[in-house]
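A.B. asks: Here's a structure for you.
The values are calculated or read from the model by the stated rules, or taken from the named source; none is laboratory data. Every value quoted in this text rests on a predicted model; they were computed, and no experiment measured them. Counting neighbours? That spans all protein chains shown, and the Cβs are built from the backbone with ideal geometry, glycine included.
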Amino acid sequence: MTEELDSAIRRLLQNAHSVVIVSHIRPDADAVGSLLGLGLPLLAAGKQVQMVLQDGMPEKYSFLPGADRVTRSIESGYDTLITVDCSEPERTGQLLEGLGAPDLVIDHHQTNPNFGKLNIVVPEASATAFVLANQLPRWGLSVDADTAQCLLAGILGDTIGFRTSSTDAQTLRAAADLMEKGADLSLVYRQVLLSRSISELRYWGQGLIKTQYEDNILWTVLTLDDRIKAVYPENDDADLVNLLSSVSGPFVVVLFVQQAPDRVKVSWRSIEGIDVSSIASTFGGGGHAAAAGADVTGSLQEVIAKVLEKTKNVLVGR
């Protein structure tokens, strides 16, 4: 983060009147926390703000301040467009189609190509919410208790409760600072990481019973039919991938989540030293070295075969 870039972003936000902030499809805690964590301070600064998620606000994050303000589409004109926690424009769904480059991109994915007019991409950061927690005061925006709550949710979600290798002393200091500003750690931890619905548990069960392990790869599948059986309302994996990645032994975990008859969301998790973002990139996706994803076109069986072959090739000789 250079001083010149810092000043340019501050000017952009100060001069903005009507701001649209968007994040990615199948939003996780960092997407939601970053969206609200930037949107609420801008509202407090007197800006008109639209916070937009194509898939809407997941029920599990509805406890966060400002969650009821999130819409599924851009509803009116704006002068400033911002994306948060998006590694590429396509990750927003159709929200950015025909809109040109965003005015500002705020992210922490190492595969981000800097697709905005201004870009603050910090690959070593534990979460996009962590980037915002550090930068908001420098941009002239205040962090009150509501904003702190949202940013802490983003940090906790992406570090899986401070358990990822990206969690460093700065992350813990940022979390402590957010708590001093009014964030409730116990509430956020419970809602983001521990609280589960009956439908989520049933959905997990559908995937767990099909788990396979071979060639140092642990993998399983969630189908459209599994979602119906579990009465699960979202189109994500209900964080099953994080449960699978807690298993000792595998070098790589792969989860296939069918989105449509001809489209599959693939998530990879890996041990230290194996860069799964390089695998995801070959399928048009991206992410981090230890956690990456891609939306792959093809039937479920076709995608499984292609992805497992590519993943096994990466592990040859290990």
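A.B. asks: Would you mind telling me which numbered condition in (1) modelled with pLDDT under 95; (2) part of a helix (DSSP H, G or I) GLN94 fails?
C.D. replies: Single failed check for GLN94: (2).
A.B. asks: Here's something else I'd like to know. Conditions: (1) surrounded by 18 or more Cβ atoms within 10 Å (Cβ to Cβ); (2) not in a helix (DSSP H, G or I). LEU156 meets all but one. Number of the miss?
C.D. replies: (2)
A.B. asks: Here is a follow-up. Which one of ALA127, ALA148, ALA133, ALA101 is at pLDDT 95 or above, closer than 24 Å to LYS265 by Cβ and touching a helix residue (DSSP H, G or I) at 6+ places or on another chain (Cβ under 9 Å)? Before you say what the answer is, go through the steps one by one.
C.D. replies: Numbers: ALA148 fails: closer than 24 Å to LYS265 by Cβ; ALA133 fails: closer than 24 Å to LYS265 by Cβ; ALA101 fails: closer than 24 Å to LYS265 by Cβ.
That would be ALA127, the only listed residue that is at pLDDT 95 or above, closer than 24 Å to LYS265 by Cβ and touching a helix residue (DSSP H, G or I) at 6+ places or on another chain (Cβ under 9 Å).
A.B. asks: Is it the case, given these coordinates, that VAL70 is surrounded by 18 or more Cβ atoms within 10 Å (Cβ to Cβ) and either under 14 Å from the mean Cα position of the chain (by Cα) or farther than 30 Å from SER199 by Cβ (or both)?
C.D. replies: Numbers: surrounded by 18 or more Cβ atoms within 10 Å (Cβ to Cβ): yes; either under 14 Å from the mean Cα position of the chain (by Cα) or farther than 30 Å from SER199 by Cβ (or both): no.
No; evaluated as a whole, the condition is false for this residue.
A.B. asks: Do you know which residues across the range 268-283 are within 19 Å of the chain's Cα centre (by Cα) and either touching a residue at least 40 places away in the same chain (Cβ under 8 Å) or closer than 17 Å to ASN216 by Cβ (or both)? Reasoning before the result, please.
C.D. replies: Filtering the range 268-283 down to residues within 19 Å of the chain's Cα centre (by Cα) leaves 268-270, 275-281, 283.
Scanning the range 268-283 gives TRP268, ARG269, SER270, ASP275, VAL276, SER277, SER278, ILE279, ALA280, SER281.
A.B. asks: Separate question: Could you check the range 168-185 and list, in sequence order, the residues that are of a type in the set (Asp, Glu), in a helix (DSSP H, G or I) and surrounded by 14 or more Cβ atoms within 10 Å (Cβ to Cβ)? Give the derivation first.
C.D. replies: The first filter runs over the range 168-185 and keeps only residues of a type in the set (Asp, Glu), leaving 168, 177, 180, 184.
Add one more test, that the residue is in a helix (DSSP H, G or I), and what stays is 177, 180.
Matches in the range 168-185: ASP177 only.
A.B. asks: ASP107: under 27 Å from ALA291 (Cα atoms) and either in contact with a strand residue (DSSP E or B) (Cβ under 8 Å, 6 or more places away or on another chain) or of a type in the set (Asp, Glu) (or both), yes or no?
C.D. replies: Numbers: under 27 Å from ALA291 (Cα atoms): yes; either in contact with a strand residue (DSSP E or B) (Cβ under 8 Å, 6 or more places away or on another chain) or of a type in the set (Asp, Glu) (or both): yes.
Answer is yes for this residue.
A.B. asks: Given VAL188, VAL221, which one is touching a Phe, Trp or Tyr at 6+ places or on another chain (Cβ under 9 Å), at pLDDT 95 or above, within 19 Å of ARG26 (Cα to Cα) and buried (at least 16 other Cβ atoms within 10 Å of the Cβ)?
C.D. replies: Numbers: VAL188 fails: within 19 Å of ARG26 (Cα to Cα).
Going through VAL188, VAL221 in turn, the sole match is VAL221.
A.B. asks: Looking at the range 298-318, I want the residues that are among the hydroxyl-bearing types (Ser, Thr, Tyr) and have a partner that is in a helix (DSSP H, G or I) and crowded, with 16+ Cβ neighbours inside 10 Å with Cβ atoms under 8 Å, at least 6 apart or on another chain. Which pairs are those?
C.D. replies: From residues that are among the hydroxyl-bearing types (Ser, Thr, Tyr), the pairs are THR311/ILE279.
A.B. asks: Sort out for me the helices (runs of 4 or more DSSP H) sitting completely within the range 202-315 that have 3 or more residues that are over 26 Å from LEU53 (Cα atoms) and in contact with a strand residue (DSSP E or B) (Cβ under 7 Å, 6 or more places away or on another chain). Don't jump to the end; show me each part of the working.
C.D. replies: Values: elements: 224-230, 240-244, 277-282, 300-315.
In the range 202-315, 300-315 are the helices (runs of 4 or more DSSP H) which contain 3 or more residues that are over 26 Å from LEU53 (Cα atoms) and in contact with a strand residue (DSSP E or B) (Cβ under 7 Å, 6 or more places away or on another chain).
A.B. asks: Could you please find all residues in the range 142-177 being free of Cβ contacts under 8 Å to residues at least 60 places away in the same chain and either within 19 Å of PRO58 (Cβ to Cβ) or not small (Gly, Ala, Ser) (or both)?
C.D. replies: The answer is THR159, GLY161, PHE162, ARG163, THR167, ASP168, GLN170, THR171, LEU172, ARG173, ASP177.
A.B. asks: If you don't mind, another one. Six or more apart or on different chains, Cβ atoms under 6 Å: show the pairs whose first residue is in the range 178-199 and closer than 20 Å to SER246 by Cα and whose second is not in a helix (DSSP H, G or I).
C.D. replies: Final answer for the pair search is GLN191/PHE63; LEU193/GLY161.
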